[in-house]
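First the structure, in the form of structure tokens, and then the observations on it.
Every number in this text was worked out from the coordinates using simple rules, so none of it is lab data. Note that this is a predicted model, so its numbers are computed, not measured. Quick reminder, even Gly has a Cβ in these numbers, built from the backbone with ideal geometry, and neighbours come from all protein chains shown.
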Amino acid sequence: MSKKTILLVGPDGGIGKEIDRLLKKEYKILEIRRGTPVEDMGLVDIVIFANGNVELGPLLILGKSRIDQMLYDNFIYQIQKTKMFIHTKKIKHFIYIISNSAYEAFPNNTVYGATKAGLLHFARALWKEVGKDGIKVTTISPGTVDTDSFWKKAGQDNRQYCYPLDPKEIARCVKFALECDGNILELVILPRPK
């Protein structure tokens, strides 16, 4: 039996690297980095959107270009590519790595949280549209994850409030969602408080 093919969008970050590492023995992984064309990827069974752009800070200091880039990276890109994949591929499962910021508002997180909340709403609606056709849709929303890119951009250390999640934990959630016979629409994984 041939391996199922996963299109992994965003394999370079801490979460994406761990997803790739964990799944590459059981699946054929095609990696999509920023700027890589995806139209000619061949047959794909599963798409995992692990890409994202974290820019934290008060709304009034975020420049227009930073806001536009977050909107594109965290929301518009996923919608555009999902539509393209539904029309051109035989995708059986979409997985979106979102954030607990989609569920809870935090200061200095207005735009990032809004993009993640929008993506969560999109995925819920998509599930209602395509679930009847046998297409699974899963969102995985982690709390604070211990990745270098997050700590560099956060400007503050949330480790004083919680024990950050290891990216391997999010990768295990992805594997669980792939192995489950039913459809898991939403998984939220939060760090343990101090």
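Residues considered: VAL145, VAL44, VAL130. Largest GNM mean-square fluctuation over the chain, using C-alpha springs under 10 Å, is found at VAL130.
For the stretch 22-64, applying the loop criterion from DSSP together with a ceiling of 16 other beta carbons within 10 Å to the GluC sites (Glu not before Pro) yields GLU26, GLU39.
Here is how the number arises for the chain: DSSP H runs of 4 or more residues each give -39500 (n - 2.57), the sum is divided by the residue count, and the result at 222 nm is -11500 deg cm²/dmol. When its C-alpha radius of gyration is set against 2.2 N^0.38 Å (N residues), the stretch 66-145 gives a value of 1.13. What the phi angles of the stretch 169-175 give under the Karplus curve with 6.51, -1.76 and 1.60, with θ = phi - 60°, is a coupling list of 5, 5, 4, 5, 5, 4, 4 Hz, glycine and proline written as x.
Charges were assigned to the Cβ only: +1 to each Lys and Arg, -1 to each Asp and Glu. The resulting dipole of the chain about its Cα centre is roughly 240 debye.
Using the Karplus relation 6.51 cos²θ - 1.76 cosθ + 1.60 with θ = phi - 60°, the per-residue 3J(HN,Hα) values for the stretch 47-52 come to 10, 10, 8, 10, 7, x Hz, with x marking Gly and Pro. Placing unit charges on the Cβ atoms of the charged side chains and taking the dipole of the chain about its Cα centre, the candidate lying farthest along the positive direction among GLY134, GLN78, PRO167 is GLY134.
Got the relative contact order for the chain handy, in percent, Cα pairs under 8 Å and 6 or more residues apart? Write down the numbers at each step before the final one.
On the way: 336 pairs, mean separation 43.3, N = 194.
Dividing the mean separation by the residue count of the chain yields 22 percent.
Of the labelled options [x] 15.1; [y] 10.9; [z] 17.3, which one gives mean projected area of the Cα convex hull in nm² as computed for this structure? Looking at mean projected area of the Cα convex hull in nm² for this model, the match is [y].
Loop-located trypsin sites (Lys or Arg not before Pro) across the stretch 11-77 with a Cβ neighbour count of 10 or fewer within 10 Å are LYS25, with loop assigned by DSSP. Here's how it looks for ASN109: its modeled amide H is under 5 Å from those of GLY57, which are all 5 or more places away or on a different chain. Put simply, the amide H of LYS136, placed in the peptide plane, has neighbours under 5 Å in HIS93, PHE94, leaving out anything fewer than 5 places away on its chain.
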